[in-house]
Structures are given as C-alpha cells and as structure tokens.
Amino acid sequence: MKQLSISAGENGYYPMGVTVTKSRIHASVASAGSSCSLVLFEKGKEEPAAVYPMDPAKRQGNVWNLTLTVEGKLPRNLEYCFEIDGKMTADPYGKAVTGWETWGCPENADKLLRSPLYQAAFDWEGDKRPGIPAEDRIIYRIHTRGLTCHRTSGVRDKGTFKGIAAKIPYMKELGITTVELMPVSEFQEVMVLESQGPYARTKVTGRINYWGYAGGYGFAPKASYASGRTKDPVKEFKTLVKELHSAGMELIVELFFTGKEPPAQALDMARFWAGEYHVDGIHLVGQPPAALIGADPYLADVSLYAADWQGLGGKNLIRYEDGFQNDMRRFLKGDEDMLRQALERLTGYSPGMSAVNYMANTNGFTLMDAVSYDRKHNEANEENNRDGTDRNFSWNCGEEGPTRKRKVTELRKRQIRNALLFLFLSRGTPLLMAGDEFGNSQEGNNNAYCQDNDISWLNWNLLKSNRDIYEFARQAIAFRKAHPMFHGKEAPRMMDYLSCGFPDVSFHGVNAWYPEYESFRRQGAVLYCGRYGKKADGTDDDFYFVICNMHWESCEFALPTLPKGGRWHVAADTSLKTVNGFYEAGQEPLLEDQRRYAAAGRTVAVLVGKTAEPEVSGKKPGRKKNEKGAVVHENL
C-alpha cells in the first residue's frame, strides 16, 4: 500500500477515534503512554500494511493526534488499530470491530481486534422516530440470542438482529410498542481468567458471559449478532431500527458502563447510539455518569432510563428500578402490611418522575418462576448456588418447581393473571420480559448470566401449551390502551378538581370510600372516574373499580354508587374459567347485585361502570350466592 503523507496542519479538536473524509484521515486516541502509532492492515492479512507514528508535539493532554492526507484512492478493505508503547490495541471508539464474528469461539480470547477504516453509507429512507409518549409505551425486553436461538423459534437467522426483525409481526399482535435490547455493543462473551505476575497469561474458562454485562467496545454493534448472510452488524442493526420504526415501534438499547470509562467517553457513547443508529431510548446500567448524560442537550429528545438520576429532572428522564416489582410481588403472594404500597404503586400516586414498572426482569425469576419456586436454583451456574439474589419475593403455590397437580398449576396461572393486571393497569411505563406472556421458565435460575442454552432461550412451543396466558396478556394490553384512565400523562391528584362529584382516583377497602391499612389487610380497591380521562374520540372514559383480594379466602366488597344511570359490569376477573379471566369489549355482563361484589381468594377483578347496558351475547359467567347472599363468580 502506498504510504500516505502526514499533514503538517495546525492542531485542532477532532472526534475521538478515526474520522475519514474525502481527502484526509484523522486519528485521535487517549493514552498516558510515551509513544503511539496508527497501524493500518489490509483485511485478512496479519502483517501491517503501514504504520504511522504520532508526533508527541501534537499531543493535547493525553490525547494523541494524527492527520493523514489521502492522495488518490485507498483500498476500501483497510482496517486499523493503535500501537501504544509497542503493544497493539483496538480503538475504544471503533464503530465496528473484526475478530469476534463467531459467538463463543475460545480463540477469540487472544485475538487482536481491528476496526474497519471505512463505513458503508446507509440509506435511512427518511426514517423518523415514532415519538410514542412514555405513558403509552409497552416495553418488551429481549436478549438478541435468547429470543430466537431455540429450535422452536421458527426464524431462519436465529440469535441475530434479523431474527428480532422476523418477530415484529408477533410483537405487534401482542400489543408491544417498544423493544428494549440487552447489551448489543461489542463485548467478550468468552470468559477468561487473567493471571498476574511475570508469567501472566489468559486462561479460557469454557464459560460464556451470555448477558453481556462486561467492558467492551461501546460504539460497535456486536459482530456475532449479525446473520451469516450479511456479516455486517452495522447495516443489520440499522435495518432493524428502520424496520421497527416503519412498523410504528421504538427501540431502546441498554448501554453498560464499568465505571472505568472516562465520563466524556460515556457521554460520547450515548450520543453516538442516538445519532448514528436513531435509537429511541437508552437504558444506562452499571456505573454510568447519569447526571452528565441526563443533562446533555443533544439527548433531550431521546428517552433516557436509569435507576438513579442523582436529583436531576427532565421530561426525557425515566426511573428504571425494581421497586414496583418487589412491592407488587410481595402483595401478590399475600405478605402482610403491603396494601398501601401496592395501591400507590398501582396508581402511580407515589411522588417522583415517570417510571418503568415490571413484575420480572433479567436479574431475578421469570414471572412463571416467581409463582413456581420459593428459592433460587442456580446449580447450573457452578457456583454452589451462592450467586443470584435471595430476595425473590416469590411463592411456589404449594409445590417447588414443575408439577402435575391441577390445583397448583391453576393457581399459578391465576397468580400470573393477577400479576399481568397489576402491570398493565399501573400508571407509568409497563415492561414485559420476553417470554413471560407464555409462561417462560428458567428452571428456577434467577441469575442465568452464563446460560447460553435452553435455560435462557425462549421455547416457543410454550406459546401453544400456554396459549391462555398469552391471550390474557394480549387482552390486558389492549384494555390498557383502550382506556386512558390507566395510562394518563399526569399522576392522580386524589381529589375532585373538576367538581364532578368524584375524585380522579380514590382508594377503597371492603367498604366503599373507606380504605383500611392494618398490617393484616390484603384487600383493597381503586375507583377511577372516567371524566378525568379522554378517549381518542374526545369522549369521557368509563368508571372503573379495580378490586384486589390477595387473601386466600373470598371477600365481599361494597361497590361505590355510580352517577345516575350508571351500572356496574364485569370486565375482568382472574378467577373466571369460562372466559380466561377477560371479557371482550362490549361483552361485559351486567352485575345482578349493584351494591356488592364477592371476589374469590387471590383474585383481581375489574368492574366497568357504564351508563347504558350493552347487548351481551353468549352465556353469562357461572354464579352462586354465599351465606351472606352476595354473588360469587365461578372461580377455579
């Protein structure tokens, strides 16, 4: 390769990494070393094609700079790295890396990574972000490999960005608006042990860092997540974003920070994914400089998610932590003294910024495992079951792990329905862990970070065997979307600020208008006044009375009186077998007793107050009267 001339131009401020223009190549790299060079390779060749030392006189602080003048045409297959104090090292700002294209390859541990000098142009075809408001989002959290690697996924390009794109129709049918991806920037999945001392060497452990929470190359999409047909992770990821946007859906990427990155580099990473890849949101995990990134004006139109915003406020800043999950799981399993927290979590009444709500996430049990195991079962991780949290707030419903007992399996499904209603009727942004909508299990493993196998991969056969769970999840999502009272922009004020005779939201106990919070109480209800919510056509929403009976025995609730002409109907009751817990819109049966409702044990019921009785086809739910004369709907 012909040597390039080194420009003698004045020093300037350039982006870190390598910037290529029509006539110049500029390189900037941070190092406290005593020497630095830019090394060019032709793709596929081990020996350098050219080495260009950087002039210490052009060093700015710890940043080395080099500008090369391009004369004529250079080969488009050039790759580069840096040589610092005689050691070859990859560019931490590389927009792609080569050498780790094969997932889980032991030889990857010692490979020198290089970055392509040139990036092919990509036609975004006028791509625009959908701009879905936070309260209207339904987030679906997935692992790129885990979503489609299983033999049952029905996807050709398994475990890739293309595989995700193939599932867009499924996600649309479910009601998903926003996809969140676990780390997709380049990381070393082959776990190694680094020995110390004069004879230090790398030892491959044979284990896989499946989740991807590790230091790596935060500007490069993971090469092994590209399909064998393209071998181009940059193009394939951009195509995924474009296809999601074309379907009216959003994409959130999760960026992991070790805390060792310079704050400026962490900020550059967030800006890069927002600008270069058009992502709609960024979830900051690990040890990010959250306050710095959250205050960045370049990211003001991108949703940012973090566990702690360090006192910072902003419309695009969203709290993402496990408080909702932990409180609602404890309420779900019937713990004492959880009623007040549960009602406040459900309505979003607790103060603070907008939040992501979930009943299960990567770190912990899946939703099915949360109702199937009392304790973690991480033996497959080969750490003597010491890893993973012990605070699961789970209950096995009577038997640990898989069972054929009908009463146990039916109770587990009812608890899942309860959990799904908690999630999709909650104010904030609900997040569904991929596979929870059809009962995915990790065999009790609550820390499957190293399980690149059937434990972590979604078994899509469960979509058939647990079709009832899927249908309930789909209906719950549709119900939420149809009724603005459950996804309002503002937190409820708990007062009648419209002077219509009802507060926007109010808490109730077994007696209407009289909540009781003694530690032994496991029953409560919430009344939503539809006059505070406007539907898409401008009409008022309906009244709703959400009854939560997490006691193991049935409980009778007195019903609030509706405005003149209003009648209570049953929209959902998780104990109903005949309709899988949910009635189709317009088919909600009228309650015979408008004053009382007896909810079965461990049941969530949603009553809708309508001003006119709808036409109802088909048979009504089975009913019987208890010793007090109240109607008890058929339960499991």
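Readers should treat all values here as calculations from the given coordinates under stated rules, not as data from a laboratory. All figures in this text were calculated on a predicted structure; none of them were measured in a lab. Don't worry about glycine lacking a Cβ; one is built from the backbone with ideal geometry, like all the others, and counts go over all protein chains shown.
Annotations for the structure displayed:
- Compactness relative to 2.2 N^0.38 Å, alpha carbon Rg of the range 449-509: 1.90
- Lys/Arg +1, Asp/Glu -1 at C-beta; the chain dipole; positive extreme among 283, 214, 570: 570
- Phi-derived couplings, Karplus 6.51 cos²θ - 1.76 cosθ + 1.60 at θ = phi - 60°, listed residue by residue for the range 267-284: 5, 4, 4, 4, 4, 5, 5, 6, x, 6, 10, 6, 5, 8, x, 9, 9, 8 Hz, with x used for Gly and Pro.
- Label-point separation, residue 517 to residue 260 (7 Å along Cα→Cβ), nm: 4.7 nm
- Hits among aspartates and glutamates - C-alpha to C-alpha of residue 376 under 12 Å, sequence gap 8 or more where chains match: 387, 390, 400, 443
- Rounded to 10°, Cα long-axis angle of helix 323-333 versus longest principal axis of the chain: 40 degrees
- Average projection area in nm² (convex hull over Cα atoms of the range 311-385, one quarter of hull surface): 7.0 nm²
- Quotient of the Cα radius of gyration of the range 114-170 and 2.2 N^0.38 Å, N being its number of residues: 1.52.
- For the range 260-360, taking the reciprocal of the average inverse distance between every pair of different Cα atoms yields a Kirkwood hydrodynamic radius of 15.0 Å.
- Computed per residue of the chain from DSSP H runs no shorter than four, each worth -39500 (n - 2.57), the mean residue ellipticity at 222 nm is -5000 deg cm²/dmol.
- The range 354-483: proportion of alpha-carbon pairs further apart than 18 angstrom, %: 54 percent
- Ranked for footprinting exposure by Cβ neighbours inside 10 Å, fewest first, 315, 22 give 22, 315.
- Measure of compaction for the chain (Cα Rg per 2.2 N^0.38 Å): 1.09
- Taking every DSSP beta bridge that has both ends in the chain, the antiparallel portion is near 70%.
- From the Kirkwood radius over Cα pairs of the range 129-246, Stokes-Einstein at 20 °C and 1.002 mPa s returns a whole-number translational diffusion coefficient of 134 µm²/s.
- For the range 323-339 and the range 231-302, distance of Cα centres in Å: 33 Å
- Rounded to the nearest whole Hz, the Karplus-based 3J(HN,Hα) values (6.51 cos²θ - 1.76 cosθ + 1.60, θ = phi - 60°) of the range 577-590 follow the sequence 7, 5, 10, 6, x, 9, 9, 5, 4, x, 10, 6, x, 6, with x at glycine and proline.
- Taking amide H as placed 1.01 Å from N in the peptide plane, residue 571 has its amide H under 5 Å from the amide H of 606, 607, 608, each at least 5 places away in sequence or on another chain.
- Greater than 18 Å apart at Cα, pairs in 158/464; 43/73; 111/162: 158/464; 111/162
- Estimated FRET transfer efficiency (residue 120, residue 387; beta-carbon r; R0 60 Å; 0.05): 0.90
- Equivalent ellipsoid of the range 5-89: semi-axes from √(5λ) of the C-alpha gyration tensor, largest first, are 20, 17, 10 Å.
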